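Have a look at the structure below, then the notes.
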Amino acid sequence: MPIAPTNTRSYTYKVTVPPAALAVPLADVKLWLKITGTSSDSLLTLMIESAIDYAEEATGRWFITRTAETYRDLFPSYFNHEGYYRDLPAIEIRRSPLQTVDSITYLDDSVETTVTAADYYNTLESDFSHIVATESGSGFPSLDEARMQNITVTFKAGYGDASSDVPAWARTAIASHVMAMWANRGDCVCGDGGGEFLPAQARSTYRQHKIINF
């Protein structure tokens with residue numbers, strides 16, 4: 001089966017370890033809404049999760065850290081690449097902000113092999129970061145076997161493990177979105193992110209912090 005060039009493929013990103021917390025805690029939302037009971041906790045949590053999903057999709061950013069995998073058919077080269085970093089072919093991680101690259105594995109004659117950490121490094125950028133082969137190391141291996149999703153990159157991305165790590169602009173915008181959904185809860189379809197109730201200020205904030213080309 002022919003393998004599509006890497007710069008024409010849309011890559012899969014699969015979360016393997018989900019966030020350990022909400023970007024905006026339920027207790028904070030209840031305080032802002034002056035709700036003291038627990039009867040509405042399930043609905044409020046659903047609204048918070050929907051607003052967070054909307055914000056992350058709108059900005060291209062993950063707020064609370066999670067572990068994920070992304071897959072490639074081939075390693076980048078000068079003739080087969082998805083992006084350059086300082087004129088070197090690179091794997092672009094389109095989930096931000098990148099924290100660490102935990103491993104890069106691939107199948108070589110059906111045997112799983114791990115790329116030595118000394119043979120690559122990753123950048124830490126405010127938008128999309130890159131994995132680049134080191135010039136002093138062996139670089140990325142050449143693969144003779146044509147196999148889709150042959151390479152697995154395991155990484156962590158997000159601002160941190162707690163809501164306090166999330167930028168204030170994101171927490172404020174998410175909170176205002178939740179409060180708007182709550183005010184219109186009789187008409188809210190939270191499964192679609194409640195986008196029809198997104199306040200203008202939150203929409204403007206997301207546009208301001210949206211990663212270009214996302």
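The values are calculated or read from the model by the stated rules, or taken from the named source; none is laboratory data. Please read all numbers here as calculations on a predicted model, not as lab measurements. Neighbour counts run over all protein chains shown; Cβ positions are idealised from the backbone, glycine included.
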* To do: Could you tell me whether the range 96-117 includes any residue that is free of Cβ contacts under 8 Å to residues at least 24 places away in the same chain, touching a helix residue (DSSP H, G or I) at 6+ places or on another chain (Cβ under 7 Å) and among the hydroxyl-bearing types (Ser, Thr, Tyr)?
  => no
* To do: Tell me, please, whether a residue that is at pLDDT 90 or above, polar (S, T, N, Q), surrounded by 13 or more Cβ atoms within 10 Å (Cβ to Cβ) and closer than 16 Å to ASP28 by Cβ can be found in the range 166-178.
  => yes
* Asked: LEU74 versus (1) at pLDDT 95 or above; (2) surrounded by 16 or more Cβ atoms within 10 Å (Cβ to Cβ): which is the lone unmet condition?
  -> (1)
* Asked: Residues in the range 138-162 that are more than 26 Å from the chain's Cα centre (by Cα) and among the hydrophobic types (A, V, I, L, M, F, W, C): how many?
  -> 2
